[in-house]
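The values are calculated or read from the model by the stated rules, or taken from the named source; none is laboratory data. Being a predicted model, the structure only gives us computed values, none of them experimental. Don't worry about glycine lacking a Cβ; one is built from the backbone with ideal geometry, like all the others, and counts go over all protein chains shown. Only protein heavy atoms, including side chains, enter the accessible area calculation; ligands, DNA and RNA are left aside. Shrake-Rupley method; radii C 1.70, N 1.55, O 1.52, S 1.80 Å.
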Amino acid sequence: MSIAASNASMRVPAGFRNLLEGLTREVLREQPTDVVAFAAQYFQKLLESREASGIDPVAWGAMLED
């Protein structure tokens, strides 16, 4: 089964690159054996921090990308 190529262009959402760079730094620093579990914990802590402080690091990272 083949899938026809699409001419639709996809763009990375604002702040996404910064978010993934933060995760990448932590994975390289910690060297976890289970990267998926580590990522889940990382994003859970990030979410809790955002809810506690009211500051969204993704929105802040999006401003840095511009």
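A probe of 1.4 angstrom, applied to the heavy atoms of all protein chains, finds VAL58 with accessible area near 40 square angstrom.
Counting only protein heavy atoms and a probe of 1.4 Å, the accessible surface of the chain is 58% carbon and sulfur. Among the trypsin sites (Lys or Arg not before Pro) within the range 5-66, those in coil by DSSP and having at most 12 neighbouring Cβ atoms inside 10 Å are ARG11. Normalised Debye scattering of the chain at q = 0.21, 0.23, 0.24 Å⁻¹ gives log10 I(q)/I(0) of -0.91, -1.00, -1.04, counting only Cα atoms as equal scatterers and leaving out solvent.
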